[in-house]
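What follows is one structure encoded as structure tokens, with my remarks underneath.
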Amino acid sequence: MNHHTQVGIIGAGPAGLLLAQLLYQQGIESVVLESRSRERVESRQRAGLLEQGTVDRLRQAGAADRLDREGLVHEGVILSYNGQRHRINLTELTGGSCVTIYAQTEVVKDLIRLRVETGNPVLFEAQATAIKAITSSTPMIQYTHNGEEHFLTCDFLAGCDGFHGISRQFIPESLTTVYDKVYPYSWLGILANVPPSTHELIYAYHDRGFALHSMRSPEISRLYVQCDVTDTLADWPDERIWAELQIRLGTTGWTLQEGPVLEKTITPMRSFVSEPMQYGRLFLAGDSAHIVPPTGAKGLNMAVADTGQLFDALVRWYQDGSTTDLDNYTACCMRRVWRVQEFSNFMTEMLHHNRDKSSFDQHLQESRFNQLITSRAASTLLAENYVGMAAKRASEVLS
Ligand code: RFL
Ligand code: PHB
């Protein structure tokens with residue numbers, strides 16, 4: 001089958017779904033192709049922390065009703081160093097900003113439901129296999145669905161297909177620069193059926209390795225421990241996970257409540273940027289162009305910020321034919337992307353135990369942490385980056 005739409009979107013993660021919804025509200029038609037099933041997309045455990053700018057974009061898209069009811073607003077975050085805790089007051093240090101805990105799975109479910117209501121649902125189990133005629137005014141996506149081959153022509157293509165998608169590889173290699181850093185540790189994450197033992201997130205450095213106490217709701221906890229890159233789930237029975245969490249997150253007079261483990265996954269840690277984020281009429285948004293280690297909680301937020309920027313530029317083109325914002329898309333995104341890369345790398349290096357580091361570098365790491373908790377200037381810098389203000393400012397330099 002051959003068909004046409006205004007914006008062809010590959011991927012029904014947060015980036016692709018949000019773009020489709022924002023465009024729909026402006027009367028711009030799109031088709032969303034997703035290689036996985038709806039059940040799979042709605043159940044993948046990933047991010048949980050939304051910046052204010054992300055919440056605002058979801059509200060603009062009319063996708064925040066449940067988020068506004070169920071999201072947990074956090075005005076602070078706790079850092080721990082070998083059991084010594086320190087609270088960073090995000091709201092006070094940033095002049096009123098905060099973050100919201102609301103799972104990516106729920107963001108995705110809300111956006112899919114809205115898409116179904118438009119009468120133009122996501123095409124699930126539709127795998128994009130090639131992109132063609134990118135530099136023409138009618139680029140095309142080739143995809144397979146129900147065992148048949150289809151061709152979708154469009155005005156613009158949005159590559160929202162994540163880190164393992166196909167879009168990025170259609171930007172000529174000769175024009176592309178890739179920046180890549182792989183870290184010598186991974187995260188083992190669990191979802192546990194037990195109320196969180198803390199009201200605010202706890203990021204813990206420990207000589208045995210990093211740990212993070214997050215949450216999904218007043219009933220469900222989300223916790224992570226640093227593990228070796230070669231570890232498998234078989235190395236981590238539930239008892240070992242809880243024992244490590246108790247030690248790494250522990251402090252005098254506090255106990256971590258344990259409960260049944262609902263899910264367990266291991267995630268490698270990587271920083272990656274591919275530049276440019278556009279070629280002809282193809283525009284990348286989210287993980288398809290860049291990924292960060294999860295320590296700064298930025299991946300989903302960057303995907304939403306890219307999407308907002310792309311949406312604004314497309315609307316301008318459809319309204320008055322101006323290509324200025326489309327032409328500047330990569331440059332505008334890159335300011336923000338590098339700010340977020342630096343922050344995510346900083347948080348990762350400061351909070352993980354790296355036994356390959358020299359003792360000199362380990363002392364520098366400890367000193368960095370001490371400065372952070374004793375200097376208001378250093379705490380403010382962390383708070384501004386964590387709530388997303390610093391990245392927003394960076395992207396405004398060009399816009
Ligand atoms: P996604 O979510 O990967 O969606 C891409 C979609 O494209 C589909 N796809 C294709 N569809 C059709 N044809 C093809 N050829 C296709 N190839 C791929 C895929 O099936 C998929 O559905 O990318 P998007 O939209 O850019 O969103 C990015 C976020 O998902 C990601 O950055 C975050 O989850 C990262 N992240 C976090 N981000 C935060 O902002 N805050 C956090 O607290 C946070 N915690 C995390 C995280 C990621 C984690 N993992 C598992 C990597 C914690 C973890 C553990
Ligand atoms: C999560 O809740 O999954 C989460 C929160 C903060 C992070 C990473 C993950 O930095």
For this session: For each of 271, 288, 80, count neighbouring Cβ atoms within 10 Å of the residue's Cβ, then give the residues from fewest to most.
Result: 271, 80, 288
Seminar exercise, completed: With +1 on the Cβ of every Lys and Arg and -1 on the Cβ of every Asp and Glu, the dipole magnitude of the range 47-165 about its Cα centre, in debye rounded to the nearest 20, is 260
Problem set entry | Globularity ratio of the range 1-83, using Cα Rg and 2.2 N^0.38 Å | 1.42
Seminar exercise, completed: With the chain reduced to its Cα atoms and the Debye formula applied, log10 I(q)/I(0) at q = 0.08, 0.15 1/Å amounts to -0.43, -1.41
For this session: May I ask which residue of 261, 237, 279 lies farthest towards the positive end of the charge dipole of the range 232-294, with charges of +1 (Lys, Arg) and -1 (Asp, Glu) on Cβ and the Cα centre as origin?
Result: 279
Problem set entry | Given 132/392; 109/357; 264/357; 357/392, the pairs whose alpha carbons are separated by over 31 Å | 132/392; 109/357; 357/392
Problem set entry | Contact order normalised by residue count of the chain, Cα under 8 Å, 6+ apart, percent | 20
For this session: Considering only 356, 231, 207, give the residue with the highest GNM mean-square fluctuation for the chain, with springs between Cα atoms whenever their separation is below 10 Å.
Result: 356
Exercise. Helix 329-351 versus the longest principal axis of the chain: what angle, 0 to 90°, nearest 10, using Cα atoms?
Worked result: 20
For this session: Select from 80, 95, 135 the residue farthest towards the positive end of the dipole of the range 33-136; place +1 on Cβ of Lys and Arg, -1 on Cβ of Asp and Glu, and compute about the Cα centre.
Result: 135
Problem set entry | Per-pair calculated FRET efficiency, R0 = 35 Å: residue 264 and residue 148 via Cβ, rounded to 0.05 | 0.40
Problem set entry | Ranking of 215, 350 by count of other Cβ atoms within 10 Å, fewest first | 350, 215
Problem set entry | Antiparallel DSSP beta bridges within the chain, percent to nearest 5 | 75
For this session: Starting with the fewest neighbours, write out 322, 214 ranked by other beta-carbon atoms found within 10 Å of each beta-carbon.
Result: 322, 214
Exercise. With springs only between Cα atoms under 10 Å, which of 137, 167, 186 fluctuates most in a Gaussian network model of the chain?
Worked result: 137
Seminar exercise, completed: If every Lys and Arg gets +1 and every Asp and Glu gets -1 at its Cβ, then about the Cα centre the chain yields a dipole, in debye to the nearest 20, of 440
Seminar exercise, completed: Here the alpha-carbon Rg of the range 201-358 over 2.2 N^0.38 Å rounds to 1.32
Exercise. In degrees between 0 and 90, to the nearest 10, how far off the longest principal axis of the chain does helix 299-320 point, with axes built from Cα atoms?
Worked result: 30
Exercise. Going by alpha carbons, how many degrees (0 to 90, nearest 10) lie between the helix axis of 14-25 and the longest principal axis of the chain?
Worked result: 50
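Laboratory data are not the source of any read-out in this text; all were calculated from the coordinates shown. From a predicted model like this one, the values you see are computed outputs, not experimental measurements. Positions of Cβ are backbone-derived with ideal geometry, glycine not excepted, and every protein chain shown enters the neighbour counts.
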